[in-house]
Structures are given as C-alpha cells and as structure tokens.
Ligand SMILES: NC(=O)c1ccc[n+]([C@@H]2O[C@H](COP(=O)([O-])OP(=O)(O)OC[C@H]3O[C@@H](n4cnc5c(N)ncnc54)[C@H](O)[C@@H]3O)[C@@H](O)[C@H]2O)c1
C-alpha cells in the first residue's frame, strides 16, 4: 500500500522546483493529482513527466492571487476526480531580498498577494471541497526563517510568518470537522529556480557549510514531509509548522 494510494491531491506552483518534485512524489506514492501553476508550458511539462511514470494528472493554468482561477481549479478537481482529499499550497515567490526601507511598494504588494493571500484564497476554496468528502488535509508552504530575524528578508519573512498564522488558526477553525492544516518550512533548497535567483553557487556553498548536516534540503526532502502530513499516517498532527533544514533553525 503506497502512502497516498487513492488520494486526490491538488498542488499549486507545480510548474517548477519543489512543486514539480512534489507532484512527481505524490504521484509515485499513488495519488491522482491536479497541478496548478501560472505558466502553461511549465505545468504541462510537469504533467508529461507524471504521465511518463504512469501517473494520473489534470492540469490547471492559473494564478493563486486570482479567486476565479482558484475556484476553477477546485471545480476542475471535483469534475475530474469527484472529490478532493488533500492540497499542498506551495506556490510562492522570493519577492525582494533587501533592507526594509529600500523595499519596492509594488513588489511588497505582489509578494504578500502571492505568498499570503494566495494561500488564504487556496484554503478558502479547498476547505468546502474537503468538507464535501468528510474532511482532509492541507499543507501550506512556509519557510524556516518565518520565526527569525535575518537581515534583508523582512518582506519574505513577513509573508511566511503570515502563512504560519493562517495555518495555526485555520487548523483550529476546522479541527472539529476532520480537516488538518499544517505547514512545511524548508531552509535553503537545492536545484530550484528560486534558489538560483537568490544565491550564487559560491553563496550556496557557504549555506551548505553553515548547515548542521553539511547540506541543503532537496526538493524531494520537502515533498516527503508534505506527503506524510497529507497522509492518514499523520492523522493527529494539526496546526504544526515543520522545519525541513537539518535542524538549522530551531522552532
Ligand atoms: N527554494 C528555497 O530555498 C525555498 C526555501 C523555503 C521555502 N520555499 C518556498 O517553496 C515554494 C516553492 O519554491 P521553489 O524554490 O520551488 O520556487 P520556484 O520559483 O522554483 O517555483 C515556484 C513555482 O510557483 C509558481 N508560482 C509562482 N507564483 C505563482 C502564482 N501567483 N500563481 C501560481 N503559481 C505561481 C511558479 O510558476 C513555479 O512553478 C515557495 O513558496 C517558496 O517560498 C523555497
């Protein structure tokens, strides 16, 4: 029996990086999946990779900041598979890594819109679908720096601290209705477009050297945690933010 056999899962931001790796991992563990992302070509590529390993997938091209896109995404899942069991709200952006007073206002709005409002809108429309089937599990994407004060990261950190708040409080709102809401909070992750945009290879080498395990996370490390939190094996885990960084940042 695979970890997610017969589960219907929705993954946002599945056109690249952690979202793509998660889509493949969820599929390998038996889930039928809906993958939602902004860039058609990228999300279609992920779908082809899933079909190549024999997986069942439906594609939704949309923006997590747009309520109509999110609604259409959830409807597509219900029309295709008849129910929704779990969702991984992974889509996000680094925004701008810069000192607080130099942040650009438009980038500020855009970052909070994607990282925070996008997660709220996703949950807002996923929760009624989960309830139709008696409950389910949601995993949101945070970051291990959501609880600390690292220079140059105020905007990103604020957006992810907001995700932590939505996760903890949403978990309490729906705990009595058999919905679990948790978050994964990676540190630096190898091999994603975001990582390459943020750090040179030299900086990544320094990040690896500073990690207690001597390495950064892989997208698959993050996928493993998201899958477990979505699975029935985590049935009494709720409202938690799980750091995935080899112990670098204590929570
Ligand atoms: N890479 C890291 O080191 C790291 C560490 C901690 C947390 N995270 C978080 O993990 C998530 C994924 O990061 P990644 O490194 O894979 O990034 P990435 O840039 O490689 O991939 C992000 C994916 O999200 C999609 N996306 C972005 N904005 C969207 C929107 N408005 N609507 C729909 N889709 C959208 C992109 O098209 C892409 O497919 C993000 O939320 C990020 O904040 C990343």
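Laboratory data are not the source of any read-out in this text; all were calculated from the coordinates shown. Treat the numbers as computed from the prediction; the structure is a model and nothing was measured. Because the Cβ atoms are built from the backbone with ideal geometry, glycine has one as well, and the counts that use them run over all protein chains shown.
As a rough footprinting exposure proxy, the listed residues 88, 97, 36 were ranked by other beta carbons within 10 Å of their own, and the order from fewest upward is 97, 88, 36.
Relative contact order (percent) for the chain, with alpha-carbon contacts under 8 angstrom and 6 or more residues of separation?
It rounds to 20 percent for the chain.
Computed from Cα positions, the angle between helix 201-210 and the longest principal axis of the chain comes to roughly 90 degrees.
Taking other C-beta atoms within 10 Å as the exposure proxy, 40, 32 rank 40, 32 from fewest upward. Between residue 66 and residue 44, the contour length at 0.36 nm per residue exceeds the Cα-Cα span by 5.9 nm. Ordered by the number of other Cβ atoms lying within 10 Å of each residue's own Cβ, fewest first, 22, 75 fall into the sequence 75, 22. Highest average first, the peptides 194-204, 157-167, 6-16 ordered by how many other beta carbon atoms sit within 10 Å of their residues are 6-16, 157-167, 194-204. Between 86, 169, 230, the residue with the greatest mean-square fluctuation in the GNM of the chain (Cα pairs under 10 Å linked by springs) is 169. Computed from label points 7 Å out along Cα-Cβ, the spacing between residue 132 and residue 51 is 2.5 nm.
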